[in-house]
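Right, one structure below, let's go through it.
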Amino acid sequence: MTLQNQLNATTEVYWNSVVPEDIFNTASALLWALCGKAKAEDSLIVQPEETVDGGTMIKVPLLNANSNHGTYGATTVINQSKKDLVTAARFGWGGAYGSNTLNLDDKVKNSGSEAVIRLTNQYMENIKESARVDLAAQIMSARGTGDGINGLLDLFNVSAAGVEGATSVEYGCIALSEEPNWINNVIKTAETMCFETMQGIFRAPAAGDVDSKLPNFCCTTALLKDAYELSLHPQQRYTNDVMVQAGWRNIMHKGAPIVSDSGVPAGWLFALNLNYLGLKAHKDFNFTKPVWLDKSVLGQPDVISANTRWQGNLICKNRKMNVLHTNLSKAA
């Protein structure tokens, strides 16, 4: 061992803070919105009204037809045939977890007044944060064959490269080839990000020019958010105050905040309608409270582990109310 010099032997190190600064994780504005706009980012859970007791799947009833109708006059014979009106989308369970372990060395050395940074506390907070980071990433991706949820790439039936899948691919256990109203709106035309382009995106649902039928939350890259803001006159630039108070910078388009999210691929913008899209969580697995448990039964009484678990899915009640644009760029 190298001999210490006099200053190292006689002088304490100055601790700038007893709370480590997170240089690894990024924040997810979309997860914040889907969790009911939590007051603080570290209190993200699915709100109680969006939790469910259980079941084999989460079923969403859908109205997919109208009753008989037509013009009516003196000689009209009213059509009285039976028409089925209701179908249902079904979403299976997916989940995320966070976990970590401390061993004997951690317990012995990181204790008492000498433990400036308490590892048990830091690990506990990071376990919860890690589960949320994983869920945020799943929301932006596709379920695949694992135990994850149905993310936005499933909703729009596209790959990470923006390539659309076949109409036979099911979403919510319904294929577009079986139900033409279960349409997904994907715009692939090359366009620059500006007010006019956003107008076109908002026209895509074509369900009526009423607030409830239009996108109300848009997430994209920081570059494209800035590009949209630059396309506006200063007098046209408005923000969503609730999001600003929670720390999320945004710019408004027709009442919908546009916010940057690190999980969005370059050139993409999701224009979502959260009236028809939301997280459902199992009431017993809504980011469970981490508890330190030892491994005495495995012969390791001084090894302790903790975890948090989440089970649920991202469900959709009307697929065509959401829009994805995969070919946007900043104006030269």
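Read the figures in this text as sums done on the coordinates, not as results from a lab. Remember, it's a predicted structure, so these values are computed and weren't measured experimentally. FYI the Cβ positions are ideal-geometry reconstructions off the backbone, even for glycines, and counts take in every protein chain you see.
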State to the nearest 20 debye the size of the charge dipole of the stretch 50-190 about its Cα centre, where the only charges are +1 on K and R beta carbons and -1 on D and E beta carbons. 240
P(r) for the chain, please, calculated from all Cα pair distances in 10 Å bins and given in %. 5, 20, 27, 20, 13, 9, 3, 1, 1, 0, 0
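Tell me what the chain gives for mean residue ellipticity at 222 nm when only DSSP H runs of n ≥ 4 count, each as -39,500 (n - 2.57), the sum divided by the residue total, rounded to 500 deg cm²/dmol. Write out the running numbers ahead of the final one.
Working: 8 runs with 65 residues, N = 332.
Computed ellipticity for the chain at 222 nm equals -5500 deg cm²/dmol.
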State the Cα centre-to-centre distance between the stretch 231-253 and the stretch 175-219 in whole Å. 21
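Using the eigenvalues of the Cα gyration tensor, what equivalent ellipsoid semi-axes result for the stretch 81-207 when each is taken as the square root of five times the eigenvalue, whole Å, largest first?
45, 21, 13
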Can you tell me the FRET efficiency between S159 and S329 if r is taken as the Cβ-Cβ distance and R0 is 30 Å, rounded to the nearest 0.05? 0.90
How big is the dipole moment of the chain about its Cα centre under a simple scheme where the beta carbon of each Lys and Arg is +1, that of each Asp and Glu is -1, and everything else is neutral? Debye, nearest 20, please. 900
Putting +1 on Lys and Arg Cβ atoms and -1 on Asp and Glu Cβ atoms, find which of W268, T87, N157 reaches farthest to the positive end of the dipole of the chain. T87
Using label points projected 7 Å from each Cα along Cα→Cβ, tell me how many nm separate L232 and N275, to one decimal. 2.1
Length gain on complete extension for the stretch N64 to T288, per 0.36 nm per residue less the alpha carbon to alpha carbon distance? 76.9 nm
Nearest-ten-degree value, helix 119-139 long axis tilted from longest Cα axis of the chain: 20
Please list 3J(HN,Hα) in residue order for the stretch 56-62, calculated via the Karplus relation 6.51 cos²θ - 1.76 cosθ + 1.60 where θ = phi - 60°; whole Hz, with x for glycine and proline. 5, 8, 9, 9, 10, x, 10
What is the set of long-range amide H partners of M140 at a cut-off below 5 Å, with H atoms built 1.01 Å from backbone N? L152
Report the equivalent ellipsoid semi-axes for the stretch 211-332 in whole Å, largest first, defined as the square roots of five times the eigenvalues of the gyration tensor built from alpha carbon atoms. 40, 18, 14
Taking a 31 Å limit on the Cα-Cα distance, which of the listed pairs K107/K128; K128/K188; K59/K225; K213/K280; K254/K289; K82/K283 fall beyond it? K128/K188; K59/K225; K254/K289; K82/K283
Full extension between T192 and L223 adds, at 0.36 nm per residue less the Cα distance, a length in nm of 10.0 nm
How would you order 216-225, 64-73, 153-162 from highest to lowest mean count of nearby Cβ atoms within 10 Å? 216-225, 153-162, 64-73
So for R0 = 56 Å, FRET eff. of R203-V13 from the Cβ-Cβ r, to 0.05, ends up at 0.40
Counting Lys and Arg as +1 and Asp and Glu as -1, what is the net charge of the other residues whose Cβ lies under 11 Å from the Cβ of D226? +2
Using a Förster distance of 22 angstrom, determine the FRET efficiency expected from the C-beta separation of K82 and E179, and round it to 0.05. 0.70
